[in-house]
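The values are calculated or read from the model by the stated rules, or taken from the named source; none is laboratory data. This is a predicted model, so every value here is computed, not measured. A quick note on method: Cβ atoms are made from the backbone with ideal geometry, for glycine too, and the neighbour counts reach across all protein chains shown. With ligands, DNA and RNA removed, areas are computed over all heavy atoms of the protein, side chains included. Shrake-Rupley method; radii C 1.70, N 1.55, O 1.52, S 1.80 Å.
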Protein chains: 2
Amino acid sequence: MKKILFALVFLFLTAFDGEAVERRYGTSALMVVVERESGAVVVIDSVEHELLGRVEGLGDLRHATLVFSRDARFAFTIARDGTLSKIDLLTLTLERQAKAGDNSIGIAISRDNKYLMVCNYSPGGAVVFDARDLRKVKEIPAIYKEGAAPSRTVGPLDTPENLMIFGLMEGDSVWVVDMKAEGFPVVKKFESAGETPYDQLITPDGRYYLVGFEKSDWMGLVDTWRLDRVRKIDVSERNAADEGAAPIHHIPHLESWAISGRYAFVPAFGRRRVLVYDTEDWSLKKSIPISGTGLFVVARPGGREVWVDNTGAPGSAEERTIEVIDTETLSVKDRIDAGKGAIDPQFTAKGESAYVSVREEDRVVVYDTDTKKVIREFKVRRPSGIFSSYRAGQFGL
Amino acid sequence: MKKILFALVFLFLTAFDGEAVERRYGTSALMVVVERESGAVVVIDSVEHELLGRVEGLGDLRHATLVFSRDARFAFTIARDGTLSKIDLLTLTLERQAKAGDNSIGIAISRDNKYLMVCNYSPGGAVVFDARDLRKVKEIPAIYKEGAAPSRTVGPLDTPENLMIFGLMEGDSVWVVDMKAEGFPVVKKFESAGETPYDQLITPDGRYYLVGFEKSDWMGLVDTWRLDRVRKIDVSERNAADEGAAPIHHIPHLESWAISGRYAFVPAFGRRRVLVYDTEDWSLKKSIPISGTGLFVVARPGGREVWVDNTGAPGSAEERTIEVIDTETLSVKDRIDAGKGAIDPQFTAKGESAYVSVREEDRVVVYDTDTKKVIREFKVRRPSGIFSSYRAGQFGL
């Protein structure tokens, strides 16, 4: 009976406004694209490559990031102005909002899907929210020494042990919070980890935490199973590797450093290079020249290719270029001219397609990754980050 | 306007039959449990641990398996009697059925979400279906030599290159089909790979294909990037490792052999052991005694633990036991008494919960994996395989 009524209603609605009936879809293969200047996200089905809808009113989305609820029904965005939003990806509506800070930089969801943590530049520190109703449940001020103001924080990232890890920019530290314990205690503080942590990642297996520093010639590596020390990974080669400094148009994103097999692919900070480290001993295996400075370095699922977008001067050739690195030969095997300001290649879960934001041309393009040909395009206003809902089940994303 | 009308309709429907309104949910965190003797599956939301519904009429589900569409809206089951079913996980209804054979054993979905391949014991060979309408589009008879009857096949598995790989039981071969090429050609035949292939896996990164043989003392390893040869991995230790043969109550499932870090955990065929191989050179690292013969060996996400169910004589202690192996010490650190005929631990994507079928007690239990305590139970008739919808984005699952 209920089904018949639904059918009647659908018919009625169709007749009523001339639109198609509400489309049903699974949520495992959505692409959520951030429109950085209009405070909106666009939601696309990456199986059929169909636009599903757009949700507005999310605040200042420059450098915005987002995470998914485990069932990928909801996306949580954190705007640069501190607006935390819960978006329903099925109804394509804004479900709820809260204020997380005055200047926020990162967000993560706890392993158990219950809590969100936001890292703030202002007022500094980190804040924990209930993922259900966005109620603030804890403030962690990140005061790293007596009398100091709260440090700006970067991160956070979630781990398989239900920890959250973040860096303290002024504190030169890495802190670890237990999201399962009453009151969300800071269970570990790594002091003097390195000068000015600026970005971080968790290896795909969830075990190792890597943090990059703006002013230290090393990366920090923490074994999250032990939490015993920050091992220093020498990255001084990043400064010696090539032809001299390149202007930094955007800070490279550590979150999407790529790991393929035993190698990690890392954009050199301020150099036109991708550095390849052997994760067995974190020795530098190779330095690969690219046309600009890499922003996102992303492994195609299956691990055979790594795609790198490039930043460069506005209007330059390099800011149009995506370089495809062969992970066996460790050299560039393809160059894609993707358009003005092409950034953030995001693969579908099995890698047959890649979504790319072409910021200065107001479009998102979809590539067949085998042929490197464009198979679909969407009009999107000033697109930036693209987030695959497959991340709902991945650590640190 | 449309939204108001929907709201009114929901209210009306609620008033009309006294039931709650239709529940909306994302599809990224579903657990689909096979009821092996009633031809049905039960669908559970593994975030809230709530039963969503049950779909019947799926044929003979002994040894049934299933795969998901990429968006996890649909599940495709292949029944032992050859019934291929497409289940809508949002409406919880049977969408469509087809006949794949008289005795079918496995199913996979192509990387591009467009085609299904089914392996048959009878009439042998493999069959390709359009995933949209279950129309049969190709038969691959698996005739391995002139005059021979079609071989029984096992598999198939999908790879990042959009290949399908399956084994020929009578043919002692491994065949590779290109799912992207017109007509689904067999692009490679590995002959004399080993005697009677019986099960197979793809490593989580999608690169290596592993096949087990009933009558050969090796496993076959194929590098799917090269497709140049079947490397023989010595498993003769599986027969020499311990106290003598144990009765085989069920054939161990290769599909869920576990890989954690650089180690592969493999149930010894007909021995009360889990064998640990170093995947760098496939040498035997350790042989771990367990109480019965292992059926499913599954890595908890994060890789710190491997859970092993045990088969044993009906009513025995071992068929109640799940052993938890510490992947650092390579020894059993916990034994869970999970109930009579406990099988197939299936973790949520981030590993905080594990679902276990307790076949002889008609229930599915959910464990908190940190405490190893039961947090939820469901009445399910003779449950067997449990399939997490997170598999929608994983190779070979």
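Mind checking which pairs have a first residue in the stretch A:80-94 that is without any contact (Cβ under 8 Å) to a residue 60 or more places away in the chain and a second that is of a type in the set (S, T, Y) and buried (at least 18 other Cβ atoms within 10 Å of the Cβ), Cβ under 7 Å, 6 or more apart or different chains?
Final answer for the pair search is A:R80/A:S104; A:G82/A:S104; A:S85/A:T77; A:I87/A:T77; A:L94/A:S85.
Mind checking which pairs have a first residue in the stretch B:166-190 that is within 14 Å of chain A (Cβ to nearest Cβ) and a second that is surrounded by fewer than 20 Cβ atoms within 10 Å (Cβ to Cβ) and part of a strand (DSSP E or B), Cβ under 8 Å, 6 or more apart or different chains?
Going by the 8 Å Cβ cut-off, the qualifying pairs are B:D178/B:V187; B:A181/B:V187.
Assuming B:E360 fulfils every condition listed in (1) open to solvent by 10 Å² or more (accessible area, probe 1.4 Å); (2) charged (D, E, K, R); (3) within 20 Å of A:K180 (Cβ to Cβ) apart from one, which condition is it?
(3)
Filtering the stretch A:12-59 down to residues that are within 26 Å of B:T93 (Cβ to Cβ) and among the β-branched types (V, I, T), which residue is modelled with the lowest pLDDT?
Residue satisfying both the conditions and the ranking: A:T14.
Filter the stretch A:285-314 for residues that are buried (at least 21 other Cβ atoms within 10 Å of the Cβ), more than 14 Å from chain B (Cβ to nearest Cβ) and among the charged types (D, E, K, R) and give the result.
A:D309
From the list A:A317, A:A338, exactly one residue is open to solvent by less than 20 Å² (accessible area, probe 1.4 Å) and without any contact (Cβ under 8 Å) to a residue 40 or more places away in the chain. Which is it?
A:A338
Using the structure shown, decide if B:G106 is under 20 Å from the mean Cα position of the chain (by Cα), modelled with pLDDT under 95, part of a strand (DSSP E or B) and buried (at least 17 other Cβ atoms within 10 Å of the Cβ).
Spelling it out, it is not the case that B:G106 is under 20 Å from the mean Cα position of the chain (by Cα), modelled with pLDDT under 95, part of a strand (DSSP E or B) and buried (at least 17 other Cβ atoms within 10 Å of the Cβ).
Can you tell me which residue in the stretch B:154-164 is farthest from B:R70 (Cα to Cα), limited to those that are more than 14 Å from chain A (Cβ to nearest Cβ) and open to solvent by less than 10 Å² (accessible area, probe 1.4 Å)?
Here the residue is B:V154.
Across the stretch A:110-126, which residue is nearest to A:G393 (Cα to Cα) among those that are open to solvent by less than 10 Å² (accessible area, probe 1.4 Å) and in a strand (DSSP E or B)?
It comes out as A:L116.
Among the residues of the stretch B:322-330, are any assigned to a helix (DSSP H, G or I), touching an Asp or Glu at 6+ places or on another chain (Cβ under 9 Å), open to solvent by less than 40 Å² (accessible area, probe 1.4 Å) and away from chain A (no Cβ under 14 Å)?
So far as the stretch B:322-330 goes, no, none of its residues is assigned to a helix (DSSP H, G or I), touching an Asp or Glu at 6+ places or on another chain (Cβ under 9 Å), open to solvent by less than 40 Å² (accessible area, probe 1.4 Å) and away from chain A (no Cβ under 14 Å).
Just to be sure, is B:L66 hydrophobic (A, V, I, L, M, F, W, C), under 19 Å from the mean Cα position of the chain (by Cα), more than 14 Å from chain A (Cβ to nearest Cβ) and in a loop (DSSP other than H, G, I, E, B)?
No: the conditions fail for B:L66.
Of the residues in the stretch B:33-62, how many are more than 13 Å from chain A (Cβ to nearest Cβ) and either crowded, with 20+ Cβ neighbours inside 10 Å or touching a Leu at 6+ places or on another chain (Cβ under 9 Å) (or both)?
Qualifying residue count, the stretch B:33-62: 18.
Look at the stretch A:130-153 and say how many of its residues are surrounded by 24 or more Cβ atoms within 10 Å (Cβ to Cβ) and either without any contact (Cβ under 8 Å) to a residue 24 or more places away in the chain or hydrophobic (A, V, I, L, M, F, W, C) (or both).
1
Against the condition over 29 Å from B:P345 (Cβ atoms) and either modelled with pLDDT of 90 or more or open to solvent by 10 Å² or more (accessible area, probe 1.4 Å) (or both), how does B:F6 come out, does it pass?
yes
Filter the stretch B:144-158 down to the residues that are in contact with a Gly (Cβ under 6 Å, 6 or more places away or on another chain) and in a loop (DSSP other than H, G, I, E, B) and list them by number.
Listed by number, the residues that qualify are B:Y144, B:P150, B:S151, B:R152.
Can you say whether A:K215 is of a type outside the set (D, E), open to solvent by 60 Å² or more (accessible area, probe 1.4 Å) and within 13 Å of chain B (Cβ to nearest Cβ), as far as the supplied structure shows?
When the stated conditions are applied, A:K215 does not pass them.
Got at least one residue in the stretch B:86-95 being open to solvent by less than 30 Å² (accessible area, probe 1.4 Å), touching a strand residue (DSSP E or B) at 6+ places or on another chain (Cβ under 9 Å), away from chain A (no Cβ under 14 Å) and in a strand (DSSP E or B)?
no
Given the conditions (1) closer than 27 Å to B:P204 by Cα; (2) under 20 Å from the mean Cα position of the chain (by Cα); (3) hydroxyl-bearing (S, T, Y), and given that B:S173 satisfies all but one, which numbered condition is not satisfied?
It fails just one condition, (2).
From the residues in the stretch A:341-357 that are in contact with a strand residue (DSSP E or B) (Cβ under 6 Å, 6 or more places away or on another chain) and open to solvent by less than 10 Å² (accessible area, probe 1.4 Å), which one is farthest from the other protein chains (Cβ to nearest Cβ)?
A:A342
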